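*Asks:* This is the structure I want to talk about, given as structure tokens.
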Amino acid sequence: MKTILTIFGGRSSEYAVSLQSAHAVLTQLPAVCRPLAVGITREGAWYRFSGDPDALPGDGWQRPEWCTPCTLRLDFGRPAVLDLDGSGAVRPFDAAFPVLHGKNGEDGTVQGLLALTGVPLIGCGVLSSAVCMDKHRAHLLAAAAGIPSPRGMVFRREDDRRAAARAAAALGYPLFVKPVRAGSSFGVSRVASPDGLDAALDAAYRHDGEALLEEAVPGFEVGCAVVGDRVLTVGAVDQVALAGGFFDYREKYTPETSQLLCPAPLGRCETAAVQAAAQTVYRALDCRGFARVDFFRTPEGRLLFNEVNTIPGLTAHSRFPAMMAAAGVDFPSLIRRLAALGDVR
């Protein structure tokens, strides 16, 4: 039985989401492998975690008896976790499963660290992780593959706000202001008039040095799960149904006005079109392992690429597992399938 390093937590706004996903993954992995869990605190400290996974969702995992300071051995071909408690313990692993969301985990940083060891990685690699976290560059690559995105313009923190105001006027209100590199809708604002633009830019710049001004697309959001490398498996398409506002962090994790419809109430041809577009984007952005690809669907039926989540939520109730379940792959089977991807790198 192989050992899979599972990394959770991290210095990201999505730390709490990672704990939820890691809890779900770590409760399933023992059926197929030996889990080796490492948690990263909000401050960036690394600990080998030997405690009860049920402590993760409430952020109660950092108990002294469960946490041993550790680091990674980066020797190529000899990946291991090194305990830093003076014992000199070396704990080899066979594959790595980053269950991290957002910056410093989903953006290629941890993937690059693991790549130095040559260890098989469950999930997207360095390039795809970095590109997919960057909304602007991901849109450019998807467009080159024939999948358009909403109209938008990017501004840096130091750019003249008057130029941003002119761009916003050209795009038209309402519009969205988003950090170029962030997840779970942190720092995203819907701006109804010029009066709200400065505050929205400030909110975006708190999460990243670049902000994307993007047109508001009428219609609704759809998503599709994709699993695999050479041969791809697609999940059912889902639809985000909103009664008001937009699909922000609160609505994603404690829905009040939103509802997820899975499968989406689309016709067979429309569903197939979303699944085909998801595979096109997945390959164009060099995704591997698994990801969720999201689009906007206009009232005319046009698809506009929104983003790729290279480490989507992995709880039993998250969108990605729900899409796979609707396609006939239940949660335990999904985790087994993802764990098996560590055998083929």
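The values are calculated or read from the model by the stated rules, or taken from the named source; none is laboratory data. What you see is a predicted model; the values in this text were computed from it and never measured. We place every Cβ from the backbone using ideal geometry, glycine too, and count neighbours over all the protein chains shown. Note: areas computed on protein heavy atoms with side chains; ligands, DNA, RNA excluded. Shrake-Rupley method; radii C 1.70, N 1.55, O 1.52, S 1.80 Å.
*Asks:* Under a crude label model (7 Å from the Cα following the beta-carbon direction), how far is residue 229 from residue 1 in nanometres?
*Replies:* Simple spin-label model gives 2.4 nm for this pair.
*Asks:* For the chain, what is the convex hull volume of its Cα atoms per residue in Å³?
*Replies:* On the way: hull volume 47.0 nm³, N = 345.
Hull volume over Cα atoms, normalised by residue count, gives 136 Å³.
*Asks:* Same structure, new question: Using only the alpha carbons of region 52-92, what is the convex hull's orientation-averaged projected area in square nanometres?
*Replies:* Numbers: hull surface 14.5 nm².
Answer in nm², one decimal: 3.6.
*Asks:* Could I ask something else about it? Express the accessible area of region 253-323 per residue in Å², computed with a 1.4 Å probe while the remaining protein chains stay in the model.
*Replies:* On the way: 3130 Å² over 71 residues.
Here the residues of region 253-323 average 44 Å² of exposed surface.
*Asks:* So how tilted is helix 135-144 from the main axis of the chain? Cα-based, degrees 0 to 90, rounded to 10.
*Replies:* Compared with the principal axis, the helix lies near 70 degrees.
*Asks:* As I understand it, the value is the acute angle between the Cα axis of helix 161-171 and the longest principal axis of the Cα atoms of the chain; what does it come to in degrees, rounded to 10?
*Replies:* Rounded to the nearest ten degrees, it is 70.
*Asks:* Take the chain, mark every one of the GluC sites (Glu not before Pro) that falls in a DSSP loop and has at most 16 other Cβ within 10 Å, then report the longest stretch left between them, sites excluded. Intermediate values should be presented prior to the final figure.
*Replies:* Numbers: sites that count: 43, 65, 158, 256, 300.
Counting only loop sites that pass the neighbour cut-off, the longest clear stretch is 159-255.
*Asks:* Moving on to the next point. Taking only pairs that are 8 or more places apart or on different chains, how many Lys pairs in the chain have Cα atoms under 21 angstrom apart?
*Replies:* Values: 103/135; 103/178; 103/252; 135/178; 135/252; 178/252.
Total qualifying Lys-Lys pairs in the chain comes to 6.
*Asks:* Sticking with this structure for a sec: When the convex hull of the C-alpha atoms of region 274-345 is computed, what volume per residue in Å³ does it have?
*Replies:* Values: hull volume 7.4 nm³, N = 72.
Enclosed volume per residue, from the Cα hull, is 103 Å³.
*Asks:* Describe numerically, in nm with one decimal, the distance between label points set 7 Å from Cα along Cα→Cβ at residue 269 and at residue 145.
*Replies:* Going by the 7 Å Cα→Cβ label model, 2.4 nm.
*Asks:* Alpha carbons only, please: Rg and Dmax for region 32-146, in angstrom.
*Replies:* Reported Rg and Dmax, both Å: 16.2, 55.
*Asks:* Related question: Determine the gain in length on full extension of the stretch residue 89-residue 206; use 0.36 nm per residue of separation and subtract their C-alpha separation, reporting nm with one decimal. Numbers along the way, then the final one.
*Replies:* Values: separation 117, 0.36 × 117 = 42.12 nm, distance 4.00 nm.
That works out to 38.1 nm of additional length.
*Asks:* Would you compute, for the Cα atoms of region 168-225, the largest minus smallest coordinate along each principal axis and list the three values in descending order, in whole Å?
*Replies:* Each principal axis gives a Cα extent; for region 168-225 these are 37, 25, 14 Å.
*Asks:* Something else: Can you give me the Rg/Rh ratio for region 66-225, using Cα atoms for both radii and the Kirkwood formula for Rh?
*Replies:* Checking Rg against Rh, the ratio lands at 1.11.
*Asks:* Further question: Among 163, 277, 326, which one moves the most in a GNM of the chain with springs linking Cα atoms closer than 10 Å?
*Replies:* Ranking 163, 277, 326 by mean-square fluctuation puts 163 first.
*Asks:* Please give the per residue accessible area of region 1-143, computed with a probe of 1.4 Å over protein heavy atoms only, in Å².
*Replies:* With the other protein chains kept in place, region 1-143 gives 39 Å² per residue.
*Asks:* A further question on this structure: Taking R0 as 45 Å, what FRET efficiency do you get between residue 54 and residue 169 from their Cβ-Cβ distance, rounded to the nearest 0.05? Spell out each step's value before the answer.
*Replies:* On the way: r = 52 Å, r/R0 = 1.15.
The calculated FRET efficiency here is 0.30.
*Asks:* With just the Cα atoms defining each centre, how far is region 106-133 from region 192-229? Give it in Å.
*Replies:* Centre-to-centre distance over Cα atoms comes out at 24 Å.
*Asks:* Obtain the nm distance between the two label points defined at residue 340 and residue 162 by a simple spin-label model: each point lies 7 Å from its Cα along the Cα-to-C-beta direction.
*Replies:* 6.2
*Asks:* Quick check on the chain: helices-only [θ] at 222 nm, where DSSP H runs of length 4 and up contribute -39,500 (n - 2.57) each and the sum goes over total residues. Nearest 500, please. The partial results should precede the final answer.
*Replies:* Working: 10 runs with 99 residues, N = 345.
That comes out to -8500 deg cm²/dmol.
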